[in-house]
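Below is one structure, written out as structure tokens, with a few remarks after it.
The values are calculated or read from the model by the stated rules, or taken from the named source; none is laboratory data. Please read all numbers here as calculations on a predicted model, not as lab measurements. Because the Cβ atoms are built from the backbone with ideal geometry, glycine has one as well, and the counts that use them run over all protein chains shown.
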Amino acid sequence: MSLPLEVLDHIFSFLQSDPVTLKACMECHPMLSQLAELHLYAHITLYDNDSVDEKGLGTTEFSKLLSDKSYIVNFVHTLEIILHKKHKKGFMDKISTILQSLLRLEEITLAQRCACRQRAWAYLPKKFHRVFMDCLHLPSMKELCIRNFDFPLSSLNGCNTIENLTLCGWVQDKTDSLNNIHCLALHSLTIQNCDASSVRALMPWMQIRSLRSLAYKPCYNNFNLRLFSELIGSCSNSLTSLYIDFGYRCTFHLP
């Protein structure tokens with residue numbers, strides 16, 4: 001190969017969303033095979049049923065792959081966990097077992113497929129709670145995304161390497177206290193489709209966080225000017241970047 005490995009590796013980084021091309025590269029040359037494999041498994045999606053992603057991998061398939069090629073755990077940097085209202089028996093245990101082996105994660109997403117019928121965090125298995133929180137405390141962890149879960153943000157206390165937090169359809173657990181959450185590295189927050197009471201619950205915490213970046217998308221394209229003003233006021237002294245997505249159709253509610 002005439003190109004330096006660093007250049008080839010950089011090129012392959014743009015193909016992580018194209019598993020067909022990466023698999024084709026793996027069959028062309030031994031050197032390409034090693035590099036392509038690094039990027040083919042950089043992002044993994046796990047499900048609580050028989051679903052598979054565009055690579056043809058699901059929870060069962062990835063578990064079998066690890067039993068044959070255990071070294072692949074070192075390639076996984078981004079993980080998405082997609083859960084449904086009712087999970088298939090045995091799959092949460094498989095997900096927990098896989099999570100325990102992924103020690104180089106940089107980004108993790110916990111998502112629920114159906115936003116209208118949320119499954120509470122408290123009803124997920126205790127083993128999953130434990131290994132998920134272990135992942136958040138990994139030295140490599142930088143980003144966390146919560147979609148349509150009442151994830152207790154107080155659990156982030158001590159997760160000092162997380163820099164970016166995304167809350168989409170997040171609902172505050174009324175028993176969860178946000179007063180004493182210490183995330184030393186956190187500087188970027190994205191809020192999407194969260195109801196007004198949950199957004200307001202975040203504001204006192206945001207005031208002491210010294211956030212540098214805030215992205216905000218109103219709940220279901222319903223823009224509340226008073227809520228928005230309160231939100232900006234809670235972190236205006238530290239912000240250097242602000243992004244607002246009003247949606248395709250937006251209704252303004254003036255005070």
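Within the stretch 27-44, is there a residue that is surrounded by fewer than 16 Cβ atoms within 10 Å (Cβ to Cβ), in contact with a Ser or Thr (Cβ under 8 Å, 6 or more places away or on another chain) and either of a type in the set (Val, Ile, Thr) or over 24 Å from residue 101 (Cα atoms) (or both)? Looking through the stretch 27-44, at least one residue is surrounded by fewer than 16 Cβ atoms within 10 Å (Cβ to Cβ), in contact with a Ser or Thr (Cβ under 8 Å, 6 or more places away or on another chain) and either of a type in the set (Val, Ile, Thr) or over 24 Å from residue 101 (Cα atoms) (or both). With respect to residue 249, determine if the residue is surrounded by 17 or more Cβ atoms within 10 Å (Cβ to Cβ) and either assigned to a loop (DSSP other than H, G, I, E, B) or at pLDDT 90 or above (or both). No; evaluated as a whole, the condition is false for this residue. In the stretch 1-13, the count of residues that are within 20 Å of the chain's Cα centre (by Cα) and over 30 Å from residue 88 (Cα atoms) is one or more. Among the residues making up the stretch 161-184, those that are touching a Phe, Trp or Tyr at 6+ places or on another chain (Cβ under 9 Å) and of a type in the set (A, V, I, L, M) are 167, 171, 178, 181. Is it true that some residue in the stretch 68-79 is over 19 Å from the mean Cα position of the chain (by Cα), closer than 18 Å to residue 103 by Cα and surrounded by 11 or more Cβ atoms within 10 Å (Cβ to Cβ)? The answer is yes, given that some residue of the stretch 68-79 is over 19 Å from the mean Cα position of the chain (by Cα), closer than 18 Å to residue 103 by Cα and surrounded by 11 or more Cβ atoms within 10 Å (Cβ to Cβ).
Selection of the stretch 167-186 for residues being buried (at least 18 other Cβ atoms within 10 Å of the Cβ), within 18 Å of residue 107 (Cβ to Cβ) and of a type outside the set (Phe, Trp, Tyr) yields 167, 168, 183, 186. Being in a strand (DSSP E or B) and either within 23 Å of residue 186 (Cβ to Cβ) or among the β-branched types (Val, Ile, Thr) (or both) is the filter here, so list the residues in the stretch 209-246 that pass it. Within the stretch 209-246, 213, 214, 215, 216, 217, 241, 242, 243, 244 qualify. Residues in the stretch 80-107 that are of a type in the set (A, V, I, L, M, F, W, C) and surrounded by fewer than 16 Cβ atoms within 10 Å (Cβ to Cβ): 103 only. Of the numbered criteria (1) among the β-branched types (Val, Ile, Thr); (2) under 16 Å from residue 239 (Cβ atoms); (3) in a loop (DSSP other than H, G, I, E, B), the one residue 191 fails is (3).
Exactly one residue among 35, 66, 46 is in contact with a Gly (Cβ under 9 Å, 6 or more places away or on another chain) and not in a loop (DSSP other than H, G, I, E, B), and that residue is 46.
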